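These notes concern the structure reproduced below.
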Amino acid sequence: MSHVVKPLKTHVNRITMDTESTIPLKITFNGPANHFTDAIPVGNGRLGAMVWGGVASETLQLNEDTLWTGIPGDYTRPTAPEALSEVRGLVDNGEYAEATEAAVKLFGNPAQVYQLLGDIKLEFDDSHRAYVEETYHRELDLNTATARVNYSVGDVEFTRECFSSKPDQVIVTKISGSKSGSLSFTVSLESKLNHHSYVNGNNQIVMEGSCPGKRIPPNMSANDELKGIQFSAILDVQISDSMGKIHALGDKKLKVESSDWAVLLLVSSSSFEGPFTKPLDSKKDPTSESMNALKSIKNLSYSDLYARHLDDYQNLFHRVSLQLSTSSEGLARDKSLEMRPLPSITDVLPKGNENDTVSAAERVKSFQIDEDPSLVELLFQYGRYLLISCSRPGTQVANLQGIWNKDLEPKWDCAPHLNINLEMNYWPSLPCNLSECQEPFFDFLTSLSVNGSKTAQVNYIASGWVVHHKSDIWAKSSADRGDAVWALWPMGGAWLCTHLWEHYKYTLDKDFLKFKSYPLLEGCALFLLDWLIEGHDGYLETNPSTSPEHNFIAPDGKTACVSYSSTMDMAIIREVFSAIVSAAEVLGRNEDPLVEKVRKAKPKLRPTKIAADGSIMEWVQEFKDPEVHHRHLSHLFGLFPGHSITIEETPDLCKAAAETLQKRGEEGPGWSTTWKTALWARLHNSEHAYRMVKQLINLVDPDHEKAFEGGLYSNLFAAHPPFQIDANFGFAAAVAEMLVQSTMNDLYLLPALPRNKWPNGCVKGLKARGGVTINICWKERDLHEVGLWSQDQTSVKTLHYRGN
């Protein structure tokens, strides 16, 4: 049926959450953290902390998102065109292993490395060692973005609260005891980076330091011949007026004695001015900026800071709620949902699970047996919480670990990887109603296009701009140093560009399309047109071409990864070409010469082919696959996140995609698992989508973790292993995909709902393409009510439900 969605300008997009919910959105712990992945993450997009919750001694590990090694780089290689001709010749001759080997001549320098800020260290008096273990409770409350720790020592209850405020750019920690004068501790500020710290006055610690000016090879010390990013952090300690005292302990620590409470304010700044400014040339004074940040909040009480934090955070978080249940007890019998929010959680869900003292680790462990749907709700909302906490307007792009990192040499440099990971980080931003959180992604894309135009021009004698598989804060655009199987992949910028058109489809923001998206799409399309060459069978080909991180066995029996026109290359290019043609239509630019070239080129792209075994071909030829259970699903890009494989228009390819997923298997790292969830959801296969949901929810032991096995840690961070945040975001996006799918004209309601597992539930506040917001309730496995509204425009949607 067609449904006219009329504008509701009076509708408030923020949904009031029911604070009386019997299933709180809390991640709980019964003891202090033993590992980084037991700690609680808080963040305001730029400043992050991991709260360990120790009793006698506490650690807050700190991050600031601009602390990276290095300086702006040269991402060109003048000898690359000659190397490109050599590689292309070898590919044309079918010498794929030799082409793979020669591809090393196309590489640039390695990416730079994300760093850490430091640690707040708290040491409490010896009585805390005798705390009552049964009284210990630690939690992250997603509703308030607050970490809390409670425990008792004798008859005194101690409480800590920690949050990271976006409006005031400060990490706030309040520590209190239930008896007057019961709180005493020492505090210091430390870092693994080159730094010095000192006490300022009687209540502040100042830490000043620098990042290495170049990445440090393992087992080598920093050499400051290059000036890296400078930073400063200031810890300001306030105590109760009526009780207690505070004084310096030496020149690096503060001591609080016999206070009722203490509030710790942590601010930080760096000298980073942007990807094109050398730290040496920066005009920023990090210590002065940090002092000014403290001055701006000196008249705000803890209650003021907390209220401002809540107003900012909840404006984003409360836009979407999800409730899943195995029972229909109490399901509200409401009338039309078009004009108002859905029933509250308590109206819809049965009583139960009221005890929030069960740890998250125990819930994950038991999920394989009890399949508790409230854990799915929690994990869905945790993905949204993490995105709000690590990516806000004006911050850096979310990296492999969001913003949370404890190492000077983190795995994979903690750098943005463009062959799935960075894109997955932002998959939930549009459907899960957090479009503002995408802004750093687009800012990063703009910077990449600047450096990428130089790389395209010098390395490939091409117009437009290009980016490869890995970047950093300096917007590195050239191929990384390493193996061709992952480094040689000039499709990174093109994949990122597909998000530009998606942003328009969800928001209908024509100004954004005209001034931000279209120029970037133009540059991307210009490069792709130059990169494509006339090849076999009259098709336009990409050469060299890889399928990310996956080798094949060439006809001569040698292992290789470089050939031509991989399925993913073609699918991404097809998506970009469709995007720029559609964008041109919206903007009245159909007659642009570039658009005409794209229209002519698009039919000449090699189509997706089906192999003899019924699966989608990953490469242009049916090469032998040495690893059929490989983690990447690159050849299924056209199904998800792309749109060239659909149930209505390409049923044969959908059948082949299902065969491909079966062939790939269910095991793999967290991000692979959530990608498979979304792929099965696009195929409207609820059984397999749910199997992948269940596959992810397995507890990982940090002391015995195995690479590529996926799972969740006790703080619900997703595992590769090690910790990699993309799967947390991928999970939220995949669950949304199970519940709602859309095109500009169509809405698919509950397309991959696992009816036997979640027979009752409500979701409210999800977004669909065409600027529509959606509320859905279902009861006893069937659609109960649906409400649609649009903020600013009228649109007509065809609603689809169970094939009707």
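The values are calculated or read from the model by the stated rules, or taken from the named source; none is laboratory data. For clarity, every value in this text was computed on a predicted model and none was experimentally measured. Quick reminder, even Gly has a Cβ in these numbers, built from the backbone with ideal geometry, and neighbours come from all protein chains shown. The area values use the complete protein model at the heavy-atom level, side chains included, leaving out ligands, DNA and RNA. Shrake-Rupley method; radii C 1.70, N 1.55, O 1.52, S 1.80 Å.
Note on segment 458-492: among residues that are within 24 Å of the chain's Cα centre (by Cα) and charged (D, E, K, R), the one that is nearest to H632 (Cα to Cα) is K470.
Across segment 289-312, the qualifying residues are those that are out of contact with any strand residue (DSSP E or B) (no Cβ under 8 Å at 6 or more places or on another chain) and of a type in the set (S, T, Y), and the one among them that is farthest from P24 (Cα to Cα) is S296.
Note on segment 174-190: among residues that are under 11 Å from A262 (Cβ atoms) and open to solvent by 10 Å² or more (accessible area, probe 1.4 Å), the one that is farthest from the chain's Cα centre (by Cα) is S184. Inside segment 124-143, residues that are out of contact with any helix residue (DSSP H, G or I) (no Cβ under 6 Å at 6 or more places or on another chain) and open to solvent by less than 20 Å² (accessible area, probe 1.4 Å) make up a count of 7. Here segment 214-238 is the region considered, the condition is being in a loop (DSSP other than H, G, I, E, B) and at pLDDT 95 or above, and the residue that is farthest from S288 (Cα to Cα) is G228. Of the helices (runs of 4 or more DSSP H) lying entirely inside segment 401-511, those carrying at least 3 residues that are open to solvent by less than 10 Å² (accessible area, probe 1.4 Å) are 421-425, 439-460, 492-507. E362 meets all of the listed conditions (1) surrounded by 20 or more Cβ atoms within 10 Å (Cβ to Cβ); (2) assigned to a helix (DSSP H, G or I) but one, namely (1). If we keep just the residues of segment 200-211 that are in contact with a strand residue (DSSP E or B) (Cβ under 8 Å, 6 or more places away or on another chain) and part of a loop (DSSP other than H, G, I, E, B), which is nearest to D407 (Cα to Cα)? In this case the residue turns out to be C211. Against the list (1) within 27 Å of the chain's Cα centre (by Cα); (2) surrounded by 15 or more Cβ atoms within 10 Å (Cβ to Cβ), the condition G274 fails is (2). The numbered conditions (1) outside any loop (DSSP other than H, G, I, E, B); (2) of a type in the set (S, T, Y); (3) out of contact with any strand residue (DSSP E or B) (no Cβ under 9 Å at 6 or more places or on another chain) are all true for S197 except (3). Among the residues here, G642 does not qualify as on the phi > 0 side of the Ramachandran plot and at pLDDT 95 or above. A Cβ distance below 7 Å, combined with a sequence gap of six or more or placement on separate chains, defines the contacts here; from segment 412-426, residues that are small (G, A, S) reach residues that are not in a loop (DSSP other than H, G, I, E, B) in the pairs A415/Y114; A415/N399; A415/K470. Can you tell which of E627, E649 is in a loop (DSSP other than H, G, I, E, B), more than 20 Å from E371 (Cα to Cα), of a type outside the set (G, A, S) and in contact with a strand residue (DSSP E or B) (Cβ under 8 Å, 6 or more places away or on another chain)? Only one candidate qualifies: E627. Any idea which residue in segment 552-571 is farthest from L639 (Cα to Cα), counting only those that are in contact with a helix residue (DSSP H, G or I) (Cβ under 6 Å, 6 or more places away or on another chain) and open to solvent by 10 Å² or more (accessible area, probe 1.4 Å)? Here the residue is K558.
Only one entry in V735, V693 is in contact with a strand residue (DSSP E or B) (Cβ under 9 Å, 6 or more places away or on another chain), crowded, with 19+ Cβ neighbours inside 10 Å and among the hydrophobic types (A, V, I, L, M, F, W, C), namely V735. Among the conditions (1) among the aliphatic types (A, V, I, L, M); (2) in contact with a Phe, Trp or Tyr (Cβ under 7 Å, 6 or more places away or on another chain); (3) within 18 Å of A33 (Cβ to Cβ), the only one that V172 does not satisfy is (3). The residues of segment 239-276 include none that are within 23 Å of Q396 (Cβ to Cβ) and at pLDDT below 95. Entry remark, segment 245-265: residues being within 19 Å of E161 (Cα to Cα) and open to solvent by less than 40 Å² (accessible area, probe 1.4 Å) number 7 in total. Yes or no: segment 324-334 includes at least one residue that is modelled with pLDDT of 95 or more and crowded, with 18+ Cβ neighbours inside 10 Å. Yes, there is a match, as at least one residue in segment 324-334 is modelled with pLDDT of 95 or more and crowded, with 18+ Cβ neighbours inside 10 Å.
Screening L266, L294 for residues that are part of a helix (DSSP H, G or I) and within 31 Å of the chain's Cα centre (by Cα) leaves exactly one candidate, L294. Candidates in segment 531-546 are the residues that are in contact with a strand residue (DSSP E or B) (Cβ under 9 Å, 6 or more places away or on another chain) and not in a loop (DSSP other than H, G, I, E, B); of these, the one that is nearest to V91 (Cα to Cα) is S545. Condition (residue is within 23 Å of S471 (Cβ to Cβ) and assigned to a strand (DSSP E or B)) applied to segment 56-65: is it met by at least one residue? Among the residues of segment 56-65, at least one is within 23 Å of S471 (Cβ to Cβ) and assigned to a strand (DSSP E or B), which makes the answer yes.
I'd like the residue in segment 512-528 that is over 14 Å from S435 (Cβ atoms) and hydrophobic (A, V, I, L, M, F, W, C) and, out of all such residues, is most open to solvent (accessible area, probe 1.4 Å). Among those residues, the one meeting the criterion is F515. Taken over segment 101-159, the criterion of being in a strand (DSSP E or B) and among the aliphatic types (A, V, I, L, M) is satisfied by I120, L122, V132, L140, A147, V149, V153, V156. Screening A56, A49, A103, A80 for residues that are surrounded by 19 or more Cβ atoms within 10 Å (Cβ to Cβ), touching a residue at least 40 places away in the same chain (Cβ under 8 Å) and touching a Lys or Arg at 6+ places or on another chain (Cβ under 9 Å) leaves exactly one candidate, A80. Any residue in segment 239-255 that's over 20 Å from K298 (Cα atoms): show its pairings with residues that are open to solvent by less than 80 Å² (accessible area, probe 1.4 Å) and assigned to a loop (DSSP other than H, G, I, E, B) at Cβ separation under 6 Å, as long as the two are six or more apart or on different chains. Cβ pairs passing all conditions: M243/G181; M243/D260.
Would you confirm whether any residue within segment 144-153 is free of Cβ contacts under 8 Å to residues at least 60 places away in the same chain and touching a helix residue (DSSP H, G or I) at 6+ places or on another chain (Cβ under 7 Å)? The answer is yes, given that some residue of segment 144-153 is free of Cβ contacts under 8 Å to residues at least 60 places away in the same chain and touching a helix residue (DSSP H, G or I) at 6+ places or on another chain (Cβ under 7 Å). Listed by first and then second residue, the pairs with beta-carbon distance under 7 Å, at least 6 apart or on different chains, first residue in segment 177-194 and free of Cβ contacts under 8 Å to residues at least 60 places away in the same chain, second buried (at least 20 other Cβ atoms within 10 Å of the Cβ), are N194/G209; N194/S210. Any idea which of S303, S242, S288 is open to solvent by 30 Å² or more (accessible area, probe 1.4 Å) and assigned to a loop (DSSP other than H, G, I, E, B)? Only one candidate passes the filter, namely S242.
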